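Colleague: Starting off with a structure, shown below.
The values are calculated or read from the model by the stated rules, or taken from the named source; none is laboratory data. Note that this is a predicted model, so its numbers are computed, not measured. Quick reminder, even Gly has a Cβ in these numbers, built from the backbone with ideal geometry, and neighbours come from all protein chains shown. To get the accessible areas, we keep the full protein, side chains included, count just its heavy atoms, and leave off ligands, DNA and RNA. Shrake-Rupley method; radii C 1.70, N 1.55, O 1.52, S 1.80 Å.
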Amino acid sequence: MVNVLLIEDNPADARLFREHLRDAAAPGQFEIRVAPTLTEGLAQIKETNPKVVFLDLGLPDSQGLETYQVLRRAQPNVPVIIFSGTRDEELAVQAVQAGAQDYLFKGETTGTLIMRAARYAVERAKSERVVLESEAALRKAQAVAHVGSWVWRIRENRLEWSDEMFRIFGVDKAGFSGNLNDIVAGAIHPDDRAAVEASNLSVARDGEPVPLEYRVVWPDGTVRTVWAEAGELVRDSAGRPETLSGIVQDITERKRTADALMFSELRYRRLFESAKDGILILDAETGLIEDVNPYLTGLLGFSHGQITDKYVWELGFLRDIIANRENFLKLRREDYIRYDDLPLETADGRKIEVEFVSNVYTEDNHRVIQCNIRDITGRKRAEKEIGSLARFPAENPSPVLRIDRDGLLAYANPAAHRFIGGKMEIGKKAPELLGKIAAEALEDKREKRIETECGERIFLFIATPLGDAEYVNLYGLDITERKKAETALRALAVRFETLLAAVPEIVMEVDTRKVYTWANQAGLDFFGEDVVGREASFYFEGEQDTYAAVQALFDGARDDASLESIQRRRDGESRLLAWHCRALRDESGRTTGALSSARDITHEKQMQLEILKLNAELEQRVEERTAQLQAANRELEAFSYSVSHDLRAPLRAIDGFTGILLEDHENALDEEGKRVCGVIRDNACRMGHLIDDLLGFSRLGRTSLSKTRIDMKKTAAQAFEEAVPPEGRARIDFSIGDLPPARCDLQMIRQVWANLLSNAVKFTSRRPRAAIAVTGEASGNEAVYRVRDNGAGFDMEYVDKLFGVFQRLHGRKEFDGTGVGLAIVKRIVERHGGRVWAEAETDKGAVFSFSLPLETVHEGGTTDA
Amino acid sequence: MHDCDAVEILVIEDNPEDVELIIRALKKRHLANEVSVVEDGVQALDFIFCRGEYSGRNAAHRPKVIFLDLKLPKLNGIEVLKILKSDEHTKRIPVVVVSSSREDPDIKAAYELGANSYVVKPVDFESFLEAMDHTGYFWLLVNQVAK
């Protein structure tokens, strides 16, 4: 449907127009709107966008050609047909010249005419618009390409320029003279003027146009580069150059782009050289290697020359993907190929893994394949590590579990099964305690911890909510040893505290300024509750060198020091304290103070002084006594000497002279006289024996012991042989058992055996057969020796007298003796630290026993300390 | 007394009873004629070295054996022994030390000074004679043989 607007103020004319058109056109072919004034008509054009407008020139708001011109200015693109009541040929020509499509006279119009005029107007307007548009496009194209055209009328030396020329030269069209010289002088860059003039001259003289690049300078100073090229040279009939036309193109931007391109190529090259990926460029048609970047040569260990100018399938390291031409064709066919991990072998045989990406693209009508090769050996290793880390929970020696939102066990590593025990199944309810803490961790969205015993071990479970808190990971840490250590440490701490509180000693800590920083109960009791914070010297009584004595501790020269110091007790009394101080040092060895213990030794000191005094007195007394004793000993020795010499001399005389009496005066003596002489001699001898025994006995107390290891059996046997002459042995059944050895003085112990055995012999002398048995055994820490006989025995009632000096239990007539023998035995045994005793019964024999301490018998050792 | 020069046995003893008993014992062995007796250490040295009251004695006639009691007035037996054993002329004369007691510590000292034997004077006279036989007589005989 063709939309038509009629601007007509006469309703009759309008009705006629409608009728004509209705009669001529097919129904619905035209849609007609009518506007009674120009103003309304303009409004309708805007609103309904008619294809064609019929315009009456005589309207209420406008008259004549002016009506058309107003409309034309407002709507230049709408085809307009003048529909006039005036037959005015002049007006009609003016209207068509001004751009109207047609001029219809109302009186001569028919429907067909109107229809055809409308149709033509529409078509014509359309083609006019195309022409206009193409002209506009040309202008636009010239502007965009910065190409201007010119014509040089050589004879007049005048230039005609297209619009774009003015823009290229930055010259105002209005002030353009068209004079070539003016232009050369005003707009060409001074450096390029000579070349331009030479070119112009060459054309003018020889008709040989020379293409030329030069610079123009705009009035504002802007410099542009242009390219001038001449076209056809037109000559006049005489053959002289008449006009020359050509173009000028602004190539400033292109030059700039070309520079930019050059830079970008440089940049690309630099990228290629420095890339941390290997890059290989192939000719996509031939498969020839064109270029390889340094990174790839470095990675593979080949030189640039070893790779370039070879066919890609000749490269050993790429044989897994491009082993032959078919593979290469595939590479070319598929514009893009990617291999995630491709094993490559380097020049030195090392295996590396790479990522391979190939791209095919066109470069200056030349298809190339760019292969990017990235070393992913490190990444693969990292991936492997991640893989092993993923296995880590299974290998973890500590329990690792996962519990989901429903409290179900999602994972438990072997350690978890081993330590937690019980029945744990994946997908079933988790152990209650762990399930509970997992739920709490999920609830609070943060880590939770709990300690629990698993058998003999104690674990700290850390529940960590993960992901979108859909599950909780639990990590068990075996803290058994730590707990044990903590418990032990706590017990130790308690013990120490208790100990420090319980000890009667004062325990104090001072810092390096000697200010008390801590005191135990005893310390508080002594100095007072306010001692902490006071300097130690506050409690000193009198002048003291205490600080000097402990200075070495603080200097680090010594670790401990002991001193005595008089200090003031809380009740004001001066007390003597015995201090032991030990330096406290931190990890770096710096002294931080000292820990000291003190004891109140005031009383002790008094006692000590007392004891010293007593000791001194005692020593004095002992010295005196010793001197007395030594004097007494000397006297005793002198006495013994006298006794042995002087007492025996008269006896010898009595005996000797009685003997002379018997020998020289035998005849003068009767039998009784002779008997009396015998009695005298017997008693003299007896007195001699008494004196000898007594001296021996007293000597025992004075001589020192010389102990050696003695074979008691041998010693006893020898003593028996010495005590009994061979002829006397026949009547004696003598037996001797194994006797433990002893450490004793040989001379003395021989005396013991001799005395005991001669006693046994003596007291069995009345038996038809004597039986004497010597036995011994080690018993406890002593050796016991016994001499048993079947002799006369004695009454146990007098056993106490048995070992006394000169004590006898038998009459002289019965058994001879001085009564000193057993006393000697007793004294010797006791001097050896042993005991002696006897058991007997009258006429039933006797057992004499003595013991010697079993001293440590060293292997082969025979000397005493 | 008797001939001091031809002395065989010199008895140095202060106890007259002991002297009498010793001489009686020597008589029984028929040695009494050659016995000289002095009563203290000083007299003993005078006799041996022919000094003092014995200055007229022939020093060449040395006793063949000396019986020396340890307990003597003035110089005691040990002192006499020391002098005898340190003099070139007398140190080879056998000296039998006579003591009242076996316990006498001087016996040890006497041996260390070079005494040749010792005898304890027992109370029993018979035993004394026996002891003389075992000691003095032996030395007397040894010296006679050596002569």
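Colleague: From A:Ala594, A:Ala638, which residue is at negative phi and modelled with pLDDT of 90 or more?
Modeller: A:Ala594
Colleague: So is A:Ala770 open to solvent by less than 60 Å² (accessible area, probe 1.4 Å) and either in the same structural domain as A:Arg831 (by TED's automatic domain parsing) or touching a residue at least 24 places away in the same chain (Cβ under 8 Å) (or both) or not?
Modeller: Yes.
Colleague: Take the residues in region A:555-601 that are among the hydrophobic types (A, V, I, L, M, F, W, C) and open to solvent by 40 Å² or more (accessible area, probe 1.4 Å); name whichever of them is nearest to the chain's Cα centre (by Cα).
Modeller: In this case the residue turns out to be A:Leu584.
Colleague: Suppose the filter is over 60 Å from the mean Cα position of the chain (by Cα), crowded, with 17+ Cβ neighbours inside 10 Å, acidic (Asp, Glu) and more than 11 Å from chain B (Cβ to nearest Cβ); does A:Asp711 pass it?
Modeller: It is false that A:Asp711 is over 60 Å from the mean Cα position of the chain (by Cα), crowded, with 17+ Cβ neighbours inside 10 Å, acidic (Asp, Glu) and more than 11 Å from chain B (Cβ to nearest Cβ).
Colleague: Kindly indicate whether any position in region A:639-660 is away from chain B (no Cβ under 12 Å) and surrounded by fewer than 17 Cβ atoms within 10 Å (Cβ to Cβ).
Modeller: The answer is yes, given that some residue of region A:639-660 is away from chain B (no Cβ under 12 Å) and surrounded by fewer than 17 Cβ atoms within 10 Å (Cβ to Cβ).
Colleague: Quick one: which residue in A:Ala117, A:Ala121, A:Ala125, A:Ala95 is open to solvent by less than 20 Å² (accessible area, probe 1.4 Å), in contact with a Phe, Trp or Tyr (Cβ under 7 Å, 6 or more places away or on another chain) and outside any loop (DSSP other than H, G, I, E, B)?
Modeller: Criteria check complete, one pass: A:Ala95.
Colleague: Here is a follow-up. So, B:Val97, is that one within 14 Å of chain A (Cβ to nearest Cβ), β-branched (Val, Ile, Thr) and in contact with a helix residue (DSSP H, G or I) (Cβ under 7 Å, 6 or more places away or on another chain) or not?
Modeller: yes
Colleague: Looking at B:Lys108 and the list (1) within 14 Å of another protein chain (Cβ to nearest Cβ); (2) among the basic types (Lys, Arg); (3) touching a Lys or Arg at 6+ places or on another chain (Cβ under 8 Å), which single condition is not satisfied?
Modeller: All conditions are met except number (3).
Colleague: Checking the condition surrounded by fewer than 10 Cβ atoms within 10 Å (Cβ to Cβ) and part of a helix (DSSP H, G or I), which residue from A:Glu604, A:Glu672, A:Glu619 passes?
Modeller: One residue alone meets the criteria, A:Glu672.
Colleague: Taking A:Pro50 and the conditions (1) out of contact with any helix residue (DSSP H, G or I) (no Cβ under 7 Å at 6 or more places or on another chain); (2) open to solvent by less than 60 Å² (accessible area, probe 1.4 Å); (3) under 17 Å from A:Glu108 (Cα atoms); (4) touching a residue at least 12 places away in the same chain (Cβ under 8 Å), which numbered condition does it fall short on, given that it satisfies the others?
Modeller: Unmet for A:Pro50, out of (1) out of contact with any helix residue (DSSP H, G or I) (no Cβ under 7 Å at 6 or more places or on another chain); (2) open to solvent by less than 60 Å² (accessible area, probe 1.4 Å); (3) under 17 Å from A:Glu108 (Cα atoms); (4) touching a residue at least 12 places away in the same chain (Cβ under 8 Å): (3).
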